[in-house]
Amino acid sequence: MRHTISLLVENIPGVLARVAGLFSGRGFNIESLCVAETIDPKISRITLVTNGDEQIIEQIKKQLNKLINIIKVVDLSEIESVQREMALIKVRAAPEHRAEILRIVDIFRGKVVDVSPDYYTVEITGDANKLQAFIELLKHFRIKEIARTGTVALPRARKAFKEKGEE
Amino acid sequence: MKLTGAQIVIQSLIKEGVNIIFGLPGGAIIDVYDALYDSPIKHILVRHEQAAIHAADGYARATGRVGVAMVTSGPGATNTVTGLATAYMDSIPIVVFTGQVPTKLIGNDAFQEADIVGITRPCTKHNFLVKDVNELAKTIKEAFYIAGSGRPGPVLIDLPKDVQQAKAEFEYPKEVRLAGYNPKYKAHIGQVKKAAQLIASARRPVIYAGGGVIYSKGANEELRRLAEGFSMPVTNTLMGLGGFPGNHPLWLGMLGMHGTYQANMAVIHCDVLIGIGARFDDRVTGKLEEFAPDAKIVHIDIDPASISKNVIVDVPIVGDCRDALLKLNQALSNINIDWEDKHRDWLEQIEEWKKEHVLSYNQPEGGPLKPQYVIEKLYELTKGKAIVSTEVGQNQMWAAQYYKFDRPRTFLTSGGLGTMGYGFPAAIGAQAAFPEKLVIDIAGDGSIQMNIQELATAVSYRLPVKVAILNNGYLGMVRQWQQLFYRGRYSQTSLEYSPDFVKLAEAYGAVGLRATKPDEVEATIKEALSKDVPVFIDFVIEREENVYPMVPAGAPLSHMLLV
């Protein structure tokens with residue numbers, strides 16, 4: 001089963017290597033991983049998506065908790081959360097397809113962020129399913145390049161775990 | 001007054017109460033060695049960095065304190081990796097200082113540069129690269145705290161040369177606060193009560209105790225109360241030997257691959273298994289699916305990640321072994337049961353198993369010499385009072401089977417990583433901690449050659465370690481596997497061209513002795529014990545003696561080979 005795990009970690013060199021090394025060393029999977037600073041510059045948030053049976057997920061969380069630089073581990077799959085991913089997609093836009101591509105982008109509430117004679121670059125945000133559906137549709141027009149961010153996620157408001165310095 | 005980074009290291013060690021360290025200097029750690037020069041800390045100069053780490057590890061195992069080692073950058077640092085991995089697998093608290101090239105040069109492939117923090121990340125509990133001398137004292141404080149608390153482990157501190165030379169005000173922090181590290185010592189009373197209920201319902205309980213009982217001070221006494229008070233048999237893992245008296249009637253011996261018949265039979269047939277400070281390692285469980293098949297499992301461990309890692313546990317208790325056992329004993333004594341009566345049939349069954357297959361060997365008069373006989377004689381002549389380290393392989397298993405340990409911290413062995421070459425430097429570390437005690441390394445002719453250069457260290461510091469080499473001219477355990485599972489094809493296991501260990505010891509200024517026949521053993525051991533210098537004893541033993549019982553790797557415990 002897929003799990004989205006959110007980590008608050010000390011924002012110091014080597015922390016990402018510790019997390020990545022833990023996963024490779026113990027044979028766990030990482031589907032995606034996102035890291036950025038939080039409001040407190042001393043703390044970063046790592047959002048990672050992994051999969052495994054219950055026992056493996058339990059081990060992953062326990063092992064992450066053992067890392068000294070990890071302050072908090074929350075399994076967002078156990079609580080209500082908001083999950084989003086962004087992608088930039090460079091799709092071939094032949095004159096006869098331009099209108100149709102724009103319609104699809106519109107339906108999915110995407111945005112065209114770069115236009116050239118032959119290509120549109122489209123920005124799209126949503127959960128993993130929405131992105132997948134969108135990409136499938138654009139495949140008909142030939143996708144040249146794609147860059148996905150991986151999932152970022154937060155618990156829904158009332159269950160939030162607070163970052164230091166946040167209201 | 002401002003101190004240099006190098007002086008801060010030494011002053012911090014003094015604040016930590018460190019009075020002995022093990023190491024070998026080099027260009028990138030030379031400043032700290034300069035500060036060491038007129039400090040009160042004793043330094044044991046080893047002949048290879050790996051030995052410094054094992055010595056610090058042996059010191060830590062024997063004393064319960066944090067062991068300290070110091071080496072230079074590059075090859076000095078990479079030579080520590082095996083020692084760190086050894087300590088990590090067995091949860092041994094050590095702090096290792098490595099020199100590093102100046103911060104400006106890091107990443108430049110400078111002379112004797114190695115990314116040791118990167119290299120040792122997976123085999124340390126934690127590690128640090130100190131880039132600012134103002135962070136140094138705090139980092140050392142944290143390192144000692146992390147190494148010695150919770151589930152202990154090795155911590156490495158990498159010290160760039162410019163940080164050693166830079167100056168800062170020295171103030172050693174009084175306490176440590178780490179947002180992401182809070183070991184839990186107190187066992188949850190609700191869980192303890194659940195465990196007590198489960199134990200009360202058992203007909204055939206077995207206690208399975210590991211290294212956690214050794215490391216948690218006083219846990220061995222609570223373990224004894226648990227066993228005696230509620231009439232339950234105890235088996236120990238290799239790491240747990242000494243956690244329960246080795247001649248106690250409730251003791252089953254070691255379990256697992258080379259465990260006793262009665263210990264493995266008890267685990268196979270028990271209905272409640274109480275795991276204490278042990279981690280259900282593959283050498284203990286054999287085939288996982290058939291391990292303790294009828295049992296509900298209680299597991300006490302300070303490391304939550306050890307619980308339900310290999311075996312799904314029914315009642316997990318996270319906490320310090322002593323605290324958990326104290327509470328468990330309390331909870332059990334509140335239950336009104338005639339424990340002796342409840343477990344009588346079970347203990348009778350175990351007595352039958354004990355009689356069915358006794359650990360045994362046949363020592364023909366006049367030779368060839370059997371290794372088990374040597375260990376039994378060592379046990380007898382040292383009255384079981386020695387601190388015993390081992391190398392890895394057959395020597396280790398025979399030591400575990402035939403030397404009866406009855407106190408914690410008297411058996412030093414590389415259980416998890418299985419590091420050949422561990423025992424001799426570890427014995428040196430233990431001897432440095434306890435100059436007056438008898439320290440014996442039980443070795444094989446293969447293992448001893450993996451750190452034999454430390455003879456020079458032992459001789460030069462007058463550390464009178466006794467090394468009993470069980471010399472069969474083979475990498476014996478591998479040969480045993482080849483004999484049993486690889487149709488006797490002895491691929492690269494014969495060590496026919498070993499040095500003359502007697503002459504070698506003498507060349508180093510130690511004493512070398514040899515025994516080849518059973519009737520020489522006693523006199524030779526007595527002579528060795530009478531010497532106040534390091535002694536190598538070359539016991540020339542039967543070449544193809546095997547360790548039994550044996551459960552083939554991956555087989556269930558019920559598949560014991562008994563002869």
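The values are calculated or read from the model by the stated rules, or taken from the named source; none is laboratory data. Just so it is clear, the model here is predicted, and its values are computed rather than measured. Here the Cβ positions follow ideal geometry from the backbone for every residue, glycine too, while neighbour counts run over all protein chains shown.
Looking across region B:263-282, just one residue is surrounded by fewer than 18 Cβ atoms within 10 Å (Cβ to Cβ) and closer than 24 Å to B:Leu332 by Cα, and that is B:Asp271. Among residues of region B:125-143 that are closer than 19 Å to B:Asp115 by Cβ, those with a Cβ under 7 angstrom from a residue that is assigned to a helix (DSSP H, G or I) and of a type in the set (S, T, N, Q), sequence gap 6+ or separate chain, pair up as B:Asn127/B:Thr120; B:Phe128/B:Thr139; B:Val130/B:Thr139; B:Lys131/B:Thr103. Restricting B:Ile140, B:Ile94, B:Ile116 to those that are touching a Pro at 6+ places or on another chain (Cβ under 8 Å), buried (at least 24 other Cβ atoms within 10 Å of the Cβ) and not basic (Lys, Arg) reduces the list to B:Ile94. Scanning region B:40-74 for residues that are out of contact with any strand residue (DSSP E or B) (no Cβ under 7 Å at 6 or more places or on another chain) and within 27 Å of B:Ile214 (Cβ to Cβ) yields B:Gln50, B:Ala51, B:His54, B:Thr63, B:Gly64, B:Arg65. Here A:Val19 meets the list (1) within 14 Å of chain B (Cβ to nearest Cβ); (2) exposed (fewer than 14 other Cβ atoms within 10 Å of the Cβ) almost entirely, failing just condition (2). Taken over region B:257-282, the criterion of being assigned to a loop (DSSP other than H, G, I, E, B), more than 10 Å from B:Thr235 (Cα to Cα) and more than 14 Å from chain A (Cβ to nearest Cβ) is satisfied by B:Met257, B:His258, B:Cys270, B:Asp271, B:Gly277, B:Ala278, B:Asp281.
Filtered by the rule that a residue be in contact with a helix residue (DSSP H, G or I) (Cβ under 9 Å, 6 or more places away or on another chain) and either free of Cβ contacts under 8 Å to residues at least 12 places away in the same chain or more than 29 Å from B:Ala458 (Cα to Cα) (or both), region B:507-541 gives a lone residue, B:Ala507. Is it the case that B:Leu252 is modelled with pLDDT of 95 or more, touching a helix residue (DSSP H, G or I) at 6+ places or on another chain (Cβ under 6 Å) and surrounded by 21 or more Cβ atoms within 10 Å (Cβ to Cβ)? The answer is yes for B:Leu252.
Of the residues making up region A:55-112, those that are of a type in the set (A, V, I, L, M, F, W, C), under 19 Å from A:Cys34 (Cα atoms) and within 14 Å of chain B (Cβ to nearest Cβ) number 8. Counting only residues that are touching a Phe, Trp or Tyr at 6+ places or on another chain (Cβ under 6 Å) and either of a type in the set (Phe, Trp, Tyr) or under 19 Å from B:Tyr403 (Cα atoms) (or both), region B:262-296 holds 1 of them.
Going through region B:283-318 one residue at a time, which ones are among the hydrophobic types (A, V, I, L, M, F, W, C), part of a helix (DSSP H, G or I) and within 14 Å of chain A (Cβ to nearest Cβ)? Answer for region B:283-318, where residues must be among the hydrophobic types (A, V, I, L, M, F, W, C), part of a helix (DSSP H, G or I) and within 14 Å of chain A (Cβ to nearest Cβ): B:Leu288, B:Ala305.
A:Ile68 falls short of the stated requirement of being of a type in the set (A, V, I, L, M, F, W, C), surrounded by 18 or more Cβ atoms within 10 Å (Cβ to Cβ), outside the structural domain of A:Glu10 (by TED's automatic domain parsing) and not in a strand (DSSP E or B).
Figure legend. Inter-residue proximity from region B:453-477: first residues on the phi > 0 side of the Ramachandran plot, second residues part of a helix (DSSP H, G or I) and surrounded by 24 or more Cβ atoms within 10 Å (Cβ to Cβ), beta-carbon distance below 7 Å, spacing 6+ or different chains. No pairs are indicated.
You will find that of B:Val95, B:Val163, B:Val101, B:Val133, the residue that is of a type outside the set (Lys, Arg), in the same structural domain as B:Leu24 (by TED's automatic domain parsing) and within 17 Å of the chain's Cα centre (by Cα) is B:Val95 and no other. Assess whether B:Thr382 counts as being at pLDDT 95 or above, in contact with a strand residue (DSSP E or B) (Cβ under 8 Å, 6 or more places away or on another chain) and surrounded by fewer than 19 Cβ atoms within 10 Å (Cβ to Cβ). Against the criterion (at pLDDT 95 or above, in contact with a strand residue (DSSP E or B) (Cβ under 8 Å, 6 or more places away or on another chain) and surrounded by fewer than 19 Cβ atoms within 10 Å (Cβ to Cβ)), B:Thr382 qualifies. As a summary of the residue check, B:Asn182 satisfies the conditions (1) within 14 Å of chain A (Cβ to nearest Cβ); (2) in a helix (DSSP H, G or I) except for the one numbered (2). Assessment of region B:410-426 against the conditions (surrounded by fewer than 22 Cβ atoms within 10 Å (Cβ to Cβ) and farther than 23 Å from B:Ile448 by Cα) yields no matching residue. Scanning region B:319-350 for residues that are within 18 Å of B:Tyr208 (Cα to Cα) and outside any helix (DSSP H, G or I) yields B:Gly319, B:Asp320, B:His343.
Every residue, every condition in (1) of a type in the set (S, T, N, Q); (2) part of a strand (DSSP E or B), yes or no:
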site	(1), (2)
A:Leu8	no, yes
A:Ile12	no, no
A:Leu16	no, no
A:Val19	no, no
A:Leu33	no, yes
A:Pro41	no, no
A:Thr47	yes, yes
A:Glu58	no, no
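Name every residue in region A:22-60 that is more than 15 Å from A:Glu85 (Cβ to Cβ), under 20 Å from the mean Cα position of the chain (by Cα) and surrounded by fewer than 17 Cβ atoms within 10 Å (Cβ to Cβ), in order of residue number. Selection gives A:Ser24, A:Asn29, A:Glu37, A:Thr38, A:Ile39, A:Asn51, A:Gly52. When region B:484-498 is filtered for residues that are surrounded by 14 or more Cβ atoms within 10 Å (Cβ to Cβ) and either of a type in the set (D, E, K, R) or under 28 Å from the mean Cα position of the chain (by Cα) (or both), the ones remaining, listed by number, are B:Thr493, B:Leu495, B:Ser498.
Criterion applied to A:Lys90, A:Lys130 was being of a type in the set (Lys, Arg) and closer than 27 Å to A:Ile5 by Cα, and the one residue passing it is A:Lys130.
Annotation: B:Lys141 fulfils all but one of (1) part of a helix (DSSP H, G or I); (2) closer than 24 Å to B:Gly415 by Cα; (3) within 14 Å of chain A (Cβ to nearest Cβ); the unmet one is (2). Taking region B:108-127 as the range and being more than 11 Å from chain A (Cβ to nearest Cβ), closer than 20 Å to B:Val155 by Cα and either assigned to a loop (DSSP other than H, G, I, E, B) or out of contact with any helix residue (DSSP H, G or I) (no Cβ under 9 Å at 6 or more places or on another chain) (or both) as the test, the residues that pass are B:Glu113, B:Ala114. Looking across A:Ile89, A:Ile101, A:Ile79, A:Ile124, one residue alone is in a loop (DSSP other than H, G, I, E, B) and either of a type in the set (A, V, I, L, M) or buried (at least 16 other Cβ atoms within 10 Å of the Cβ) (or both). It is A:Ile79.
For region B:195-253, a tally of residues being farther than 17 Å from B:Leu347 by Cα, small (Gly, Ala, Ser) and not in a loop (DSSP other than H, G, I, E, B) returns 5. Taking the listed residues B:Thr260, B:Thr285, B:Thr235, the one that is surrounded by fewer than 24 Cβ atoms within 10 Å (Cβ to Cβ), within 25 Å of B:Glu380 (Cβ to Cβ) and of a type in the set (S, T, N, Q) is B:Thr260, with no other qualifying.
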